[in-house]
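Please treat every number below as a calculation from the coordinates, not as lab data. The structure presented is a predicted model; accordingly, all values stated were derived computationally and were not measured. When we count neighbours, we look across all protein chains shown, and the Cβ atoms used for this are built from the backbone with ideal geometry, even at glycine.
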Amino acid sequence: MKSPLLIATATALLNLPVQADIIFTNGFETPSVTGRTCKADGGDITKTDPAKPGGLEAWSRFEDQPNIGEGGSVVAGLTKEVAHTGTQSLFIEAAKLSAPYIGALFATRPIPVESGKSYRATLWGRNDPKKPLISGAAQLFLKVQVDFFTDEGKTDIGESQYLLQPLPGGRGHVPVFRSDAWNCVGMRFTAPPEAKYVTISFRCDSSAERGAISGTIYFDDFTLETAMAVPPPPDSQPEQIEKEIEALNIPDTEEPAAPAPKP
Ligand SMILES: [Ca+2]
């Protein structure tokens with residue numbers, strides 16, 4: 001049974017260690033698309049060309065929710081509209097999303113790690129200037145989850161680690177993901193004893209509060225690299241995690257209840 005070890009609001013982590021070894025990186029350059037192409041139309045990051053750089057099964061899972069009836073939709077795919085590096089990025093577009101806990105997911109393949117060694121995972125993101133995501137009572141949350149395995153993704157070991165980042169930022173705070181510049185979020189972790197592989201998944205889900213969420217956000221350049229040793233997290237107690245989740249989800253306005261999504 002896995003249990004959360006760390007949930008924290010993310011802050012921009014741009015102070016790269018001097019001698020970090022990059023052990024995995026992907027910039028969403030494959031498959032190559034034209035303009036904005038959703039997953040169903042060919043912008044599927046799990047369907048890559050192994051002959052191209054970065055095209056060797058970087059991502060094992062990619063899911064969106066293009067049609068959930070009256071609850072709105074979340075469509076994900078690849079686009080050439082904007083990129084942090086290269087010519088492509090991944091987009092996630094919510095349209096009148098009112099159903100709670102619905103969203104998109106992308107997750108890496110199992111990546112080899114060394115037990116006891118510390119790592120840092122980073123992901124760049126940017127809000128759309130024309131149809132930006134907005135922080136409010138109802139908003140999207142980026143949930144980063146790190147899972148450890150003794151083999152290539154079948155037998156888990158140790159405690160999963162988490163990071164929770166409101167999109168584009170926490171209510172009442174300067175947004176982490178802006179429309180006019182790229183910024184990155186990151187988290188550090190240490191591979192537990194016997195861990196030989198890690199998977200890192202990114203889930204963009206709606207919050208519990210009802211209210212239509214619309215807007216687009218872009219992600220690019222996921223990197224996993226070696227890092228300095230991680231200090232023990234001061235806030236890893238379950239009670240504190242519960243409080244943190246509550247603090248992030250308290251609505252400050254009364255939204256009319258949206259109709260329940262049809263199954
Ligand atoms: Ca890119």
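Annotation: amide H of residue 213 within the under-5 Å range of 96, 97, 98, sequence separation 5 or more or interchain, hydrogens built in the peptide plane.
Here the Karplus relation 6.51 cos²θ - 1.76 cosθ + 1.60, evaluated at θ = phi - 60°, turns the backbone of the range 200-213 into coupling constants of 10, 10, 10, 10, 9, 10, 6, 7, 6, 6, 7, x, 5, 9 Hz, with x for every Gly and Pro.
Between residue 167 and 140, 141, 142, the built amide H atoms are under 5 Å apart, and every one of these is 5 or more places off in sequence or on another chain. Model label sites at residue 117 and residue 131, defined 7 Å from Cα along the beta-carbon direction, differ in position by 4.2 nm. Sequentially through the range 110-120, phi angles give Karplus couplings (6.51, -1.76, 1.60; θ = phi - 60°) of x, 10, x, 9, 10, 4, x, 8, 9, 9, 10 Hz, Gly and Pro residues having no value and appearing as x. Using modelled backbone amide H atoms (1.01 Å from N, in-plane), which distant-in-sequence or interchain residues come within less than 5 Å of residue 23's amide H? Excluding prolines and chain starts, which carry no amide H, the hits are 224, 225, 226.
Under the classification rounded if a/c is under 1.5, otherwise prolate if a/b is larger than b/c and oblate if not, where does the range 22-249 fall, given a ≥ b ≥ c as square roots of the Cα gyration tensor eigenvalues? It comes out oblate by the Cα gyration axes.
Placing R0 at 51 angstrom, the Cβ-Cβ distance between residue 80 and residue 155 gives a FRET efficiency of 0.85 after rounding to 0.05. Other residues with beta-carbon under 13 Å from the beta-carbon of residue 77 carry, at +1 per Lys or Arg and -1 per Asp or Glu, a net charge of -2. The phi torsions of the range 150-155, fed into the Karplus equation with coefficients 6.51, -1.76 and 1.60 and a -60° offset, translate into couplings of 8, 9, 7, x, 9, 10 Hz, rounded to whole numbers, with Gly and Pro shown as x. Taken about its Cα centre, the range 22-249 carries a charge dipole of roughly 540 debye when the Cβ of each Lys and Arg holds +1 and the Cβ of each Asp and Glu holds -1.
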